[in-house]
Amino acid sequence: MDRPPPPSSEYWYVGSQDRTVDDLFRRVCALAWPYALFCATRYLHDTHAAHDLMDAAVSNAEQYYERFNGNRTSAQIFYRIISVLKRLSKQRVQNNREIPSGSLPDLDEKARALSSKPEAEQRAYVEQILAQMSERSRKITYWRLEGHTWRQIADKLSANHTAVRRAYHRELRKLLFPTFDSQSSDEGED
């Protein structure tokens, strides 16, 4: 079984207005990124979750840095991020009650099947899915394609990033896998 390649070998820190803080966090993020990939693979079995884990850990580390008025070393920030990555990935495993169908691997499989079709047919399928999406999900899709994180999107929508991501994936799963969704609702999934 071929495994998909891991996402980008780098995590892009969004940045700070302060050049020193920006440099500090960029260095620390570059060091912590392999561990985020490890946690996403080891605990969540989804390398793409590394971005969400890293976003949450960096946000936590920024708050930690601010709480101490910038009086933290790169080692302290690094270990803070590592600690949060591990804690969050373990929490998500314990709290994960979502059914994995309709996840990124399923979408990749669907994309591989579609890739053998003519480009016009591929485009028509994508347009059909986009047309069936709610206006909010269409916006989210475009923002994700532009490279926005779930947290950035949630900020734009004034909502919780986890709730936004789950609602988006639930809607996408209904559109891509309608038979699965009707089976799930028969079993009492909320």
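Miscellaneous remarks
- Accessible area (Å², 1.4 Å probe, nearest 10) - F68: 80
- Projected label points at A159 and F38, each 7 Å from Cα along the beta carbon direction, are separated by 3.5 nanometres.
- Taking each residue as 0.36 nm, the span from N71 to L114 lengthens on full extension beyond its C-alpha to C-alpha distance by 10.2 nm.
The values are calculated or read from the model by the stated rules, or taken from the named source; none is laboratory data. Computed from a prediction, not measured in an experiment: that's the story for all the values here. Counting neighbours? That spans all protein chains shown, and the Cβs are built from the backbone with ideal geometry, glycine included. When the accessible area is computed, the model is the full protein with side chains, heavy atoms only, and any ligands, DNA or RNA have been set aside. Shrake-Rupley method; radii C 1.70, N 1.55, O 1.52, S 1.80 Å.
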